[in-house]
Amino acid sequence: MASLKDLRNRIASVKATRKITKAMQMVAAAKLRRAQEVATAARPYAERMDQMIASLGSRITGKGSAPLLAGTGRDDVHLMVVMTGERGLAGGFNTNISKLARQDAQRLLAAGKTVKMIMVGRKGAEALKRELGSHYIDRIDLRAVRQIAFSNADEIAQKLLRLYEAGEFDVATLYFSEFMSVIKQQPTALQLIPAKIPEAKASTGGGAEAIHQYEPSEEEVLGDLVTLNISTQIYRGLLENVASFYGAQMSAMDSATRNAGDMIDKLTLTYNRTRQAMITKELIEIISGAEAL
């Protein structure tokens, strides 16, 4: 049985831990609001770009001017861009993204494909290093970045484009966590190259469809949009990841705070019972000694 001093030390230690988890929960909640606003604001832009690409793609029969749409015609070499957090203490946030990437990588390797990986974020690189570390071709560290900007996404996109032009891969897929709510973050795999053209939405208006004239040509506009769309989707993925991280961390720290409170209650009860037992034992010894006299 633990002594009273040991129990007091454990209670003090758990109380200190509860203060830390409570502070981290409050910090995550404050940062989550800003991250959620930025991620939500980026979604309409990405969706509108998808619609624009779908509209132009449906008007152009040949894709020679947009090689990122046509691809190489092969799917032998797959590049996986896995984006996770730089820090832990966020529940299953990093684990869920790594799990999805691991499953896809194992499926591709079993099918005889070549897998290459670019790791964005320290935790994902550490989680997959033992099984898939030999497939890493680059690691991008964003720990020094205080606030995600479009330039960070564009830097990653330009790296992908250089690799594609050099013939290093056939298909590129982005892995990130889409923010759904504070308690739900959805691991997502989004194919970047060759870009998938979404279905163009049919016009719901009663009038005739508007006729647009493009300058320069539709093919050139589509090619530039598809290139820009890679940076846009990566930027969206980074923003979604940040919001998902703080949502997961807020939930994890809230659970840790409540668990610490429960542990304190149990330890306090054990302390009181142990103390009462020791007092009772001492009283019995005193009474027994008095009666012996």
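Here is how the numbers come out for the structure above:
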quantity: Cα→Cβ-extended label distance, 7 Å offset, between L4 and I287, nm; calculated: 1.9 nm
quantity: Matching label, Cα extents along the principal axes in Å computed from the structure shown, candidates (i) 55, 39, 34; (ii) 112, 48, 32; (iii) 65, 61, 33; calculated: (ii)
quantity: FRET efficiency, T268 to A29 (Cβ-Cβ, R0 35 Å, nearest 0.05); calculated: 0.80
quantity: Relative contact order (%) - criterion: Cα under 8 Å, at least six apart; region: region 90-150; calculated: 33 percent
quantity: Theoretical FRET efficiency, 1/(1+(r/R0)^6), r = Cβ-Cβ of T188 and A16, R0 51 Å, to 0.05; calculated: 0.85
quantity: Estimated inter-spin distance, I137 and D76, nm [label 7 Å along Cα→Cβ]; calculated: 1.4 nm
quantity: The chain - mean residue ellipticity at 222 nm from DSSP helices (-39,500 (n - 2.57) per run, n ≥ 4, rounded to 500); calculated: -22000 deg cm²/dmol
quantity: Relative contact order (percent, whole number), the chain, Cα cutoff 8 Å, 6+ residue spacing; calculated: 33 percent
quantity: Two-site FRET efficiency, E37 against K99, from Cβ-Cβ distance with R₀ of 30 Å, rounded to 0.05; calculated: 0.55
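Here, each number is a calculation from the coordinates, and none is a lab measurement. Please read all numbers here as calculations on a predicted model, not as lab measurements. No Cβ is skipped: glycine too gets one built from the backbone with ideal geometry, and neighbour counts run over all protein chains shown.
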